[in-house]
Structure formats: structure tokens, C-alpha cells
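See below for the structure under consideration.
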Ligand SMILES: [Fe+2]
Ligand SMILES: [Fe+2]
């Protein structure tokens, strides 16, 4: 990316949306080793909408708890702080973008499904690999393409040009952005993630999801998101704005050490996980 281009998007960072105050407060609490489940429950219960969503989600078949969870404290104890923070982040993020200007070639509903599918795929892959923080992978999958939404809102004309070029030449959005902007949704997403003070791992995964082997110490996480992204396209879950399946990064694939025969069941699990969770988190414009 050239310097003037980078400066131009950095200049826009001030205009980028901020996270709702409750989510920020929750992030602070989660990062504070002295905070308790009760402190966290208090903040969540103050926000009725968030509290209701959280209970609906923890009781969904996606989590598969045998008993009904009826209190926020109960949900926190069962799922843990990080998972709760991530779930709330998940359900809040897309609200930020509701009722914005629409670009006809780009379906936000399809995009939401793509993001959610990728989140599920990343969690499925993480569990298979016995990765210890699968909830983080879920959020990484959910946010990996968030830069596209920022482009749609803040550069509608260029974004239209990009989506038209994607359709005309049947290329990846990533390539069309490189041609038209000189940078991509990965760079833009990184700026948003930095503005939101998201953890370095998440920032890195967003920045490197198309070139996972350049992600340094977070190469494994980036490789997982890269593969989950490919799963969703193979399964036709939603659309990230183009119809092309990104080429599998060979180094990333080899680094994950997944046996070829494990792939089919993992893809099937992603599909059923997506079907379960999409009943509970739906995109409402
Ligand atoms: Fe992407
Ligand atoms: Fe994607």
C-alpha cells in the first residue's frame, strides 16, 4: 500500500464507528483480573437488549447445555468471561452498521451469513486442533472481513466500482480492491480493529487472513480463518461479496497438519453449526 493511500485511510479513522459503551465496559472488565462474575453480570443486566440476547444465545442448541440457563451470572459461570465478551461483541457489531447506505451489488444479509459461517468454521477447526481459545477464533472469523463494511459506508463510490469490477471479471474482492484502491479490506479492517482496541491477535488475523503465512506469531490463527473462509465459500454459506474461492495457501495448510480425510467431516460440522446458530443470531437490517 502506498504512503498517501495509507495516510488517507488513517485520516478517516476518526470517523470510524465506535463500539457501544456497554461492550467497551465489558472488555475492560474482562481484561481486569480483579473483576468478578458478579461485576460483569451487573453491567450486562443494565442493558436489557444485550442481556436478552445473551440468554437466548447460551440456551441455543449451538452451545448444547443440557439445562436451561436463566440468569446472566449462570451464563458467565458456564461460558467464562472471554466467551461472554466475544458473544456480546458479536451481537453488537452488526448493529453498528444497520440502516446505512446500501450498495445494490452487495448484500449485507449474505455478508452477515458469510461472517457467521466463517466464525463457526473457525471454531470447528479450532476444536479439532485442540486450540485452547476457540471463542477467540469465533470472533476472528466473524470480524475477518469487517473492512468491507467500512469501505461500503465510508467510500460508497469506490466500493461500487470494486463490486462492479468483481462481477465483471469474476475476481476476488481483495484483488479488485488492490487494483482500485491500492489497499484492501484487510488493511481497513485492521484500522478499525485498532481503533476498537481489540487484542493484537485479532488485529493480526484481520490483517493477514488472505496471506496467512505472513502473520508471524499468529500464523496458526490466520491459517484457521483462511481455511474457514474457504469452507464457507465451498458450502455456499452467504457471500463475502464475490463468488471466487480464494486459493488455499499451501504453507498455511501444511502448517495446520490436518489430515485430508478429516476435511469432509469438518466441513459438514461447519454446515450444521451454522444452521444451528443462524436460528439464534439473525441479521436484522
Ligand atoms: Fe477477506
Ligand atoms: Fe471472507
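Looking at the stretch 61-72, is at least one residue surrounded by 15 or more Cβ atoms within 10 Å (Cβ to Cβ), modelled with pLDDT of 80 or more and assigned to a helix (DSSP H, G or I)? Scanning the stretch 61-72, I find at least one residue that is surrounded by 15 or more Cβ atoms within 10 Å (Cβ to Cβ), modelled with pLDDT of 80 or more and assigned to a helix (DSSP H, G or I), so the answer is yes. Just so you know, in the stretch 185-216 the residues that are in contact (Cβ under 8 Å) with a residue 40 or more places away in the chain and over 26 Å from residue 26 (Cβ atoms) include one that is nearest to ligand 1 (Cβ to nearest atom), and it is 185.
In the stretch 148-158, the count of residues that are in a helix (DSSP H, G or I), within 15 Å of ligand 2 (Cβ to nearest atom) and modelled with pLDDT of 90 or more is one or more.
The lone criterion from (1) at pLDDT 85 or above; (2) on the phi < 0 side of the Ramachandran plot left unmet by residue 108 is number (1). Selection of first residues in the stretch 272-285 that are over 16 Å from residue 55 (Cβ atoms) and of second residues that are modelled with pLDDT under 60, restricted to Cβ pairs under 8 Å at least 6 apart or on distinct chains, gives the following pairs, ordered by first then second residue: 285/99.
The values are calculated or read from the model by the stated rules, or taken from the named source; none is laboratory data. Just so we're clear, the structure is a prediction, and the values are computed from it rather than from any experiment. Glycine also receives a Cβ, built like all others from the backbone with ideal geometry; neighbour counts cover every protein chain displayed.
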